[in-house]
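Below you'll find the structure, written out as C-alpha cells, and then a few comments.
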Amino acid sequence: MRNTLILVAAGGSALLLAGAFLFQFMGYLPCEMCLWQRWPHAAAVVIGALALAIPGAALPVLGALAAAITSGIGVFHSGVERGWWPGPSSCTGGGGGALSGDLLSTEGPRLIMCDQVSWELFHLSMASWNALFSALLVLVWIAAARART
C-alpha cells in the first residue's frame, strides 16, 4: 500500500509539472512565482523515487513537505493575482527590477507579471489549481508515511 501511495503522490507531482510544461509549450509563459512552484514538485518526484527504494516514513514526510511548500506558494501566488496582498516587486505591477528600462523595447527578456492571471478554469488560476491539487498530494504523502510496507 505504501508504494502505491508513493507512486500516486510522486506521479501527481510529475503530472502537475508536465501540465505546467504543456501550458508553457502552448504559449503561456511562466512568471517568477510559477517557476517557484515547480521546484518542490521536482523534489517530490525525486523523493518518491528514493522512497520506493528506502523503507520508512522519513521520505514520505519529506514528500508531504515538498507538496505543502508548493501548495503554499500557490496560495500566496493566487492571493497576489487577486490583489489580496502584494507580491514580489520583481514581477508585479509595482516593480521594475533588473528587467526595467525602455517599456517599448522588444529586445531582451520579456517580464511575465505574477499579478496577472493568464489562464483560468472555474474562476481558478493555474496557481490556484496547483495549490488545490498539491494540498491533496500532501494528504496522499501523509497516508504513505503512515502506511505499513
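The values are calculated or read from the model by the stated rules, or taken from the named source; none is laboratory data. Given the structure is predicted, the values throughout are model-derived calculations rather than measurements. For neighbour counting, all protein chains shown are included, and Cβ atoms are generated from backbone atoms with ideal geometry for every residue, glycine included. Each accessible area value is taken on the protein alone, full model and side chains, heavy atoms only, with ligands, DNA and RNA left out. Shrake-Rupley method; radii C 1.70, N 1.55, O 1.52, S 1.80 Å.
Within segment 32-78, the set of residues being more than 13 Å from the chain's Cα centre (by Cα), assigned to a helix (DSSP H, G or I) and of a type in the set (Gly, Ala, Ser) comprises Gly48, Ala49, Ala51, Ala53, Ala58, Gly63, Ala64.
I'd like to know if segment 1-20 contains one or more residues that are more than 13 Å from the chain's Cα centre (by Cα) and basic (Lys, Arg). Yes. Exactly one residue among Val75, Val61 is open to solvent by 30 Å² or more (accessible area, probe 1.4 Å) and modelled with pLDDT of 95 or more, and that residue is Val61.
Selection of segment 48-57 for residues being open to solvent by 40 Å² or more (accessible area, probe 1.4 Å) and in contact (Cβ under 8 Å) with a residue 60 or more places away in the chain yields Pro55, Ala57. Please determine, by comparing only the residues of segment 105-131 that are within 23 Å of Ser13 (Cβ to Cβ) and open to solvent by 80 Å² or more (accessible area, probe 1.4 Å), which one is modelled with the highest pLDDT. Filtering first and then ranking leaves Phe122. One residue stands out in segment 1-47 among those that are open to solvent by 40 Å² or more (accessible area, probe 1.4 Å) and of a type in the set (Ser, Thr, Tyr): the one that is modelled with the highest pLDDT, namely Thr4.
Pairing residues of segment 1-22 that are without any contact (Cβ under 8 Å) to a residue 60 or more places away in the chain with residues that are small (Gly, Ala, Ser), at Cβ distances under 8 Å and at least 6 apart in sequence or on separate chains, gives Leu7/Gly48; Ala10/Ala44; Ala10/Gly48; Ala10/Ala49; Ala10/Ala51; Ala10/Gly63; Gly11/Gly48; Leu17/Ala42.
Each residue in segment 23-37 was checked for being touching a residue at least 24 places away in the same chain (Cβ under 8 Å) and of a type outside the set (Ser, Thr, Tyr), and 9 of them qualify. Here Gly87 passes the criteria (1) part of a helix (DSSP H, G or I); (2) surrounded by 20 or more Cβ atoms within 10 Å (Cβ to Cβ); (3) at pLDDT below 95 except the one numbered (1).
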